[in-house]
Every structure is written in C-alpha cells, then in structure tokens.
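Here is the structure we will look at.
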Amino acid sequence: MADLTARLGKIVLKNPVMTASGTFGYGREYHRLFDITRLGAVVVKGIRMTPSHGNPTPRVCEVTGGMLNAIGLQGPGVEKFLHGNDYMPFLRSIGATVIVNIWGTSIAEYGEVAARLDAEPEGISALEINISCPNVKAGGAAFGTDLKLAAEVVRTVRARTKLPLITKLSPNVTHIADFARAAEAEGSDAVSLINTLGAMVIDIEKRRPVLANRCGGLSGPAVKPVAVKMVYETSKAVKIPVIGMGGISCGADAVEFLLAGAKAIAVGTANFVEPAVSLEIIDFINDYMDRHGFKSIEELSGALES
C-alpha cells in the first residue's frame, strides 16, 4: 500500500481526503452511517462568535451539474460549539481529526473567534478562515474579493492564535493566485480552494428568484474544471500547501486535483448524494497510486506531465 499521509505544513493527516465546510455539519449525523475518524479531517460548518440563524428559506436548489445554496452560515456560535454535546466534545470523544472553519462580519470578529478557539485547542488540528463572508462595515462586500481586506483578516487571525491556519479562497476574483500569495505573506500555513461561485436561478413562471436570498453559491460537478484550473495556478504561485475542492464526486476527480498540485482535497456537495463517498475516494487514491507506482501523496501531488 502507498503512504497516504498528507502533510500540510504543520498539519499531518492520515490521508488527503477531507470534508468541505458546510457540507458535513459537525460530523455526528454522518458518524451514524460510517466511522468518520477514517477521514483525513472533518472540516466543520462555519463558527463565529455568536449563534447565526442563516438566511430565510428557500435557500437551496438543484441545478444542472450541481446546486445553489444561500444558507447564510447558520451555526451555534463558538461557546456552544466548544461545549455543546453535539459539537466539539463529541468530535473529541471519538478521536476525529478536526479543522474548524471560522468567519465573522468584521475583521475584529475573526480575531475574537480565533483567540477563543486558541484558548481551548484540544482536539483542534487547524483553523480554516472563510474569507468569502460579507463585510457588514463595507456595504456587504466579501472580504475574499478585496486583496487588502483578505490580507488584513489573515494577519489579524495569525496574531490571535498559535493553531495552524488554512485560508479558504473565493473564486469570484480575477486572479486567485494573488489572494493566495497575500495569505501566504500574512502567515497562513495553507490555502484551500475553491469556495462556491456566485450564481442565480430564476423561476420563469413566477418571474422571481428561486432562492429567498436572490443569489447563492454554485457547487457540484459543474464547477470542477474551474476549480482544477485555479488549484493548478495557485500551486505554482505559492510555496505553502494547497487543498483542492470544488465538484469532487469520485476518486478520479480527487486524483485530478492532486495531479494539479493539491496536497489534499475536500469533498463537498457529493456528501449529500452519497454520504460515504469520501471512503470510496480514499480507496480509489490508494489503488491509483499502487497502479501507477506512486509511493506517497507528496510524490503524486503536482505529477502532471506536460
């Protein structure tokens, strides 16, 4: 068997298959179906300082090749996450590898969440900074689409925690590699990409948007070629590890991202179709590496022939 260990700077995972934040809840529901400790990491749904109820419904709809969502980052808040039985205590009790996705509506809140988690880090392997959130002090523009603001968020979080940091990048920019370089310069240990693409669906009979929020984020197989290109470009632009995601629904998809330069991958929308798909992907990667003579994930990553 090949060595499936994924090394993301200070973060070491038993295999390169993670779950994408927002598609796996906090793990408990999926653990009823399979042993989630077999995953490289469980990336939990986004956490901010206070509870968030999210957007009004309808907030999800299917489209050709994927889905749109405008959940609005519903979550329990950092205190309930740290101490509620369905959240971090449960994940800690089963020995899952946990990465906590964090967000805020201001730069200060990002720092506050990071500091609070840093104060009780047991069982937390890393923080993933979601910079695709709206900056309420700047008219709702996303932090992740403004280079200066993105850098400031990473810099602020870096100053408030010793935990390894992953910055999750928005694809809704002209040059995503610029944002990866900015995150690297401000102390991010890795970057993950892509988050969802901005999108909209209209009900032509009602002449109204399908989602109550009007617009949402597109995910699923339709975004995969875009994501592979962005991962490839980003892996050439930075020295820190890249985690690839966006439309991965089978093992072959995952290998594409690894060949493009990713050191690990995350499965998102496919979890809703087949809850245990990540285990199938782990097995496929292992078989692929054996068939092609790759001895480690490090060897496979970026092994794209020109």
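Results, tabulated for the structure shown:
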{"read-out": "Compactness index (Cα Rg / 2.2 N^0.38 Å), region 141-232", "value": "1.29"}
{"read-out": "Under-5 Å amide H pairs with E128, H placed in peptide plane, nonlocal only", "value": "V100, N101, I102, I166"}
{"read-out": "Net +/- balance of residues flanking A266 in space, Cβ distance below 12 Å, scoring K and R +1, D and E -1", "value": "0"}
{"read-out": "Estimated inter-spin distance, D178 and T37, nm [label 7 Å along Cα→Cβ]", "value": "4.6"}
{"read-out": "q = 0.21 Å⁻¹: log10 I(q)/I(0) that the Debye formula gives for region 15-55, counting C-alpha atoms only", "value": "-0.70"}
{"read-out": "Cα extents of the chain along the three principal axes, largest first (Å)", "value": "51, 50, 41"}
{"read-out": "Paired Rg and Dmax values of region 1-78, which use every Cα atom, in angstrom", "value": "15.5, 48"}
{"read-out": "Net charge of neighbours whose Cβ lies under 12 Å from the Cβ of E233, counting Lys and Arg as +1 and Asp and Glu as -1", "value": "+2"}
{"read-out": "Segment E62-C215, length gained on full extension (0.36 nm per residue, minus Cα span)", "value": "53.7 nm"}
{"read-out": "Region 55-128, Rg to Rh (Cα coordinates; Rh as Kirkwood inverse mean 1/r)", "value": "1.05"}
{"read-out": "Kyte-Doolittle mean at least 0.0 and Cα axial length at least 15 Å: DSSP H helices in the chain", "value": "107-119, 147-160"}
{"read-out": "Region 1-142, Rg to Rh (Cα coordinates; Rh as Kirkwood inverse mean 1/r)", "value": "0.98"}
{"read-out": "Pairwise label distance in nanometres, A252 with D290, each label 7 Å out on the Cα-Cβ vector", "value": "2.0"}
{"read-out": "CD proxy at 222 nm, helix term only [per DSSP H run n ≥ 4: -39500 (n - 2.57); per residue of the chain; nearest 500]", "value": "-9500 deg cm²/dmol"}
{"read-out": "For G65, net neighbour charge (Lys/Arg +1, Asp/Glu -1) across residues whose Cβ lies under 15 Å away", "value": "-1"}
{"read-out": "The chain - share of DSSP beta bridges that are antiparallel (%, nearest 5)", "value": "40"}
{"read-out": "Region 138-188: trypsin sites (Lys or Arg not before Pro) falling in loop per DSSP and having at most 14 other Cβ within 10 Å", "value": "K162"}
{"read-out": "Three-way shape call for region 179-306 based on the alpha-carbon gyration tensor, with the a/c threshold at 1.5", "value": "oblate"}
{"read-out": "Per DSSP, loop trypsin sites (Lys or Arg not before Pro) in region 211-289 with at most 13 further Cβ within 10 Å", "value": "R214, K239"}
{"read-out": "q = 0.21 Å⁻¹: log10 I(q)/I(0) that the Debye formula gives for region 82-210, counting C-alpha atoms only", "value": "-1.14"}
{"read-out": "Whole-Å semi-axes of region 158-209's equivalent ellipsoid (Cα gyration tensor)", "value": "34, 13, 7"}
{"read-out": "Quotient of Cα Rg and 2.2 N^0.38 Å for region 246-306, N being how many residues it contains", "value": "1.09"}
{"read-out": "Within the chain, longest stretch clear of exposed GluC sites (Glu not before Pro) (DSSP loop, no more than 12 other Cβ within 10 Å)", "value": "1-121"}
{"read-out": "Sites M1 and L304 - FRET efficiency at Förster radius 22 Å, r taken between beta-carbons, to 0.05", "value": "0.40"}
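Bear in mind that the values in this text are calculations on the coordinates, not laboratory data. All values derive from a computational prediction rather than experimental measurement. For neighbour counting, all protein chains shown are included, and Cβ atoms are generated from backbone atoms with ideal geometry for every residue, glycine included.
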